[in-house]
Every structure is written in structure tokens, then in C-alpha cells.
Amino acid sequence: MALSIEEASSLNTDTKSKNGKIINNYFDGLEVTSVHKILFFIIMLAYFFEQMDNWNFGFIAPALMKSWGITMADVGKINFAYFVAMTLGGLTGGVISDFIGRRKTFLGSILLFSISSIANGFAPNVEIFTLTRALTGFGIFCMMVTSQVYIAEITPSATRGKWQSLTASVGFMAAPLVGILCRIVVPMSPDAWRYIFFVGGFGLIGFFMGLKYLKESPRWLVAKGRIDEAEKVIEEVSHVKVDLSEAAAKVEPKINVLEVIIGLFSKKYILRTFVIFFFVVLTVPAGFVITNWTPTLLSQRGFGVEDALTASTLLMFGVPAGCYFSSLIADKGGRKIPMAAMAISVAILALIFGRLEGMIPIIICGFLLIAANMALNFITFSYIAENYPTKMRNTSTGIHNASGRLATAALQVYVPVVFAQYHFAGVYNMVAILVCIPVAALLLWGMKTGGKSLEDIS
């Protein structure tokens, strides 16, 4: 049942009535409804299988090394291809979703990474495996970039960071669960790892649910001049009739990719671009060393394959825990304060983790390290999407996130080298250094975005 004008206006004292509608700024000032939660559930489901595909290789790599006789350098090359493809997926997702919409791009990405995961399971050799793994990475990050922007655009400003993190905390339960699955399945036979990739194909469930229930972003519709459709979506989601004529009047003409790139370095946005780029290209590669390399590094440190899987599985419970924790703090301190706090926490925990001995201390510290890293990641995801206007948002988000993945790809070939020269502790010393360097720039020049309307920020 639709709210009355008086009830809806009570949600936001700045709203006014016009022709029986509420004049507001999209969802700002309105409540999160059951329909919102259905949309969030679809994203959670997509995250779950996307993260199953994203994390499984870290658990499977030791068994793959044994089964196919490949080395850590070969694992580095597979990861390199994966992250290069992620880079391209982020760029492509950002650009395409600005042209064809968030909904179509999101659904197409799920379809791609689900089919590619199944193809991974059938790969006959390391060359084909590397190719299908790259396609998986392309689809995963295309979806991730699109979903970050989508959540930002359909959520009230007061709880944007909370819902960005809550959807992830549920979806990212896949990280420990895929660890448990690998712990059970991988030791069964030399080729049992293939079954893990087949399970990733169940992401098609999210695709079919999204076909039926997922709505297009009203902000994207308004940017395309489809105001009536945007108002209808908001009414369907929030049960409030809204008038977006004032919001539409503020929308600037759509610009192409080259103009977005130029805009990133314009006088208005260059400082934001510098701070975000500097932060992302250092913290993202460090985070992926923690999450993707730890199982392999533990096995090289002297843990057996089964013990490494057990330890890594327990560590991965830090993934959803960190996402949930970020939902509690993400909207505080204008967003950048919790980002800085989490980055410093990651650095301290990495230094400790690299020097610990014994399975129990490693599991406890590793859990906290991964939790802090995931909290940092998801507060950062919200922050990037908030810093630019609708006409630039998805493309600029794709560019920034892709730059982080490209830096991650470059780092993959150096992790085995650092491990060989400086051992386990040296790798995590490197992590601590990388996450600490950009914190000062963020605190000095980063914008405070938490709790503000996207239009007011931009």
C-alpha cells in the first residue's frame, strides 16, 4: 500500500508534494522495503557463486600443482591472466552498463562467469585452464563493478554503506564454504578439484531469478530521459509515488568514455581521482595476496595439502565476518575514517601473521587479518562509487577498480620471487607496506561521502 504524502514527507523534511507525488531525490529519505531486500537477495546470490568462483583457485592450486606437476611460477601466471581479465571485465562492465543499463550488464556477467566456471572443470590442460579461468575473472569483475554502482543507486543515502556490506557479508559466506567443500572433495582423487568448478556453475540460479525480479536503476533511467519508467521503479520498490522532474533537471548530458577519462582529471575531480587511484592500486593488490595466496603459501611453508586446506578454510570465515563488520562502521566518519582505520589494522595484523608459528595462532591472526581486509574492501567499494556523478559513475568505478586489478596482476609474478628471497614473513611485510602508504593521502585530501546524497557529493 502506498504511503500518504504526509507519511512519506515525514521520512524527509526536505520533500514536497506535487500532483499527489513526493518530490524527492530518488530513494533518499525513504525506507528500505521488502522489495529492496529481494533485489539485495539477488545480488547476495550472485555474490555467493561469484565468490565461489573467485576463491576456489586459492584452495585448489596446491592440488593442481601436484596433479599437473606445475610450479608456483605457473600458479602466478594463471593468477596473472585471471587479474588481467578482471581488469578488462571491470573496464568493460563500467562502460557497457552506462550504455545498456545496470540490469542487463549484471545478468550478462553472471551468465558468463557461471558458464566459464563449468568450462574450468572440463579443462584438459593448463593452457585451456588459464583461458577459461581468465573468462571467469572477466565475468566476475564485470558483475562486481556493476553491482557496486547498482546498490549505491537504489539505496537511501543514510544506509548506503550498510547495505553494500550486508549483501557482501551474506554472499561472501561462499569463501569459507568453498574451503570446506575443497577440504572434503579435493583429497578424494587427483582430479576431484574439477567438481568444485562445476558447483560454481550454479550461479545460473541468480541469473534466472534476476531475469524475473531485478529492476533497472532509476538514476540510469533518468540519465537516459526515461523519467516515467524511473518513477515507476521507485514506486514499485518503495511504494511511494515520486516526482523526479527536479532530479531529472539536474542531470547533465551523457558523455562518452573519452570524456569520462578527461573528466576524471578535470579541475573538479582530479584530487578525488588521485586519492582513489593511489589508494586502490596499493591496497587492492595487498588484499589479494592475503586472500588468494595464503593457502598456497601455507602449503609451501611446510603444511601438508590437507592441513593447508583446513587452516585456509578456517581463515576464510573472516571474509563474511569482515563484510558484516564493515556494515556497522561504513557509514561513520564520512567513510574515509573507517577506511583508514581498517588499512592500518591490516598492516599491523599482516606483520604479526608473517611471524607466527603453529596452526592455532596462524588461524586466529589470519581470521582477523582477512576480516580487516574485507571490511576495508567493501567500504572502499562504496567510497569509489560515491565520488562521481551518474554520467561518470559506472565508467569511473570500472576504471578505478580495473586499475587495482591490473596492479594485482602485475604483483602476481613477484609474490613467488618475494617468497623465495624473504620467505613467508617477507610476503606479509610487503602487504603491510602497501596498505600503509596511501593512508595519509586519504586522510588529508579524501572527501567525506558517508550519509550524503550522491547528487550533493558530485
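Here is how the numbers come out for the structure above:
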quantity	calculated
Some residue of the stretch 391-401 being charged (D, E, K, R), closer than 18 Å to residue 153 by Cα and surrounded by fewer than 24 Cβ atoms within 10 Å (Cβ to Cβ)	yes
Single match in 382, 345 (criterion: in contact with a Lys or Arg (Cβ under 8 Å, 6 or more places away or on another chain), among the hydroxyl-bearing types (Ser, Thr, Tyr) and assigned to a helix (DSSP H, G or I))	382
Among the candidates 78, 60, 70, residue that is more than 30 Å from residue 233 (Cα to Cα), of a type in the set (A, V, I, L, M) and outside any helix (DSSP H, G or I)	70
Selection count, the stretch 317-352, where residues are more than 16 Å from the chain's Cα centre (by Cα) and aromatic (Phe, Trp, Tyr)	1
Out of 282, 328, 271, sole residue that is in a helix (DSSP H, G or I) and more than 27 Å from residue 410 (Cβ to Cβ)	328
Some residue of the stretch 72-93 being surrounded by fewer than 24 Cβ atoms within 10 Å (Cβ to Cβ), in contact (Cβ under 8 Å) with a residue 12 or more places away in the chain and touching an Asp or Glu at 6+ places or on another chain (Cβ under 9 Å)	no
Enumerated helices (runs of 4 or more DSSP H) restricted to the stretch 198-250, each holding at least 3 residues that are within 20 Å of residue 35 (Cα to Cα) and within 28 Å of the chain's Cα centre (by Cα)	204-213, 218-223, 227-238
Every residue from the stretch 301-356 that is of a type in the set (Asp, Glu) and closer than 30 Å to residue 450 by Cα	331
Flag if residue 75 is of a type outside the set (D, E, K, R), out of contact with any strand residue (DSSP E or B) (no Cβ under 7 Å at 6 or more places or on another chain) and over 17 Å from residue 51 (Cβ atoms)	yes
Every residue from the stretch 410-451 that is surrounded by 17 or more Cβ atoms within 10 Å (Cβ to Cβ) and either under 24 Å from residue 98 (Cβ atoms) or of a type in the set (D, E, K, R) (or both)	447, 449
Of the criteria (1) of a type outside the set (Gly, Ala, Ser); (2) surrounded by 15 or more Cβ atoms within 10 Å (Cβ to Cβ); (3) at negative phi, which one residue 212 fails	(2)
Filter pass, residue 408 being in contact (Cβ under 8 Å) with a residue 40 or more places away in the chain, among the hydroxyl-bearing types (Ser, Thr, Tyr) and in contact with a Pro (Cβ under 6 Å, 6 or more places away or on another chain)	yes
Failed criterion for residue 229 (all others in (1) farther than 23 Å from residue 45 by Cα; (2) modelled with pLDDT under 90 hold)	(2)
Which numbered condition residue 98 misses (of (1) more than 30 Å from residue 223 (Cβ to Cβ); (2) of a type in the set (D, E, K, R); (3) in contact with a helix residue (DSSP H, G or I) (Cβ under 7 Å, 6 or more places away or on another chain))	(1)
Complete set of residues in the stretch 150-176 that are more than 10 Å from the chain's Cα centre (by Cα), part of a helix (DSSP H, G or I), hydrophobic (A, V, I, L, M, F, W, C) and more than 26 Å from residue 70 (Cα to Cα)	151, 152, 154, 158, 163, 166, 170, 174
Sole residue being of a type in the set (S, T, N, Q), touching a Leu at 6+ places or on another chain (Cβ under 9 Å) and at pLDDT below 90, chosen from 92, 87	87
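The values are calculated or read from the model by the stated rules, or taken from the named source; none is laboratory data. Everything numeric in this text was worked out from a predicted model, so none of it was measured. As a convention, Cβ positions derive from the backbone with ideal geometry for all residues, glycine included, and neighbour counts pool all protein chains shown.
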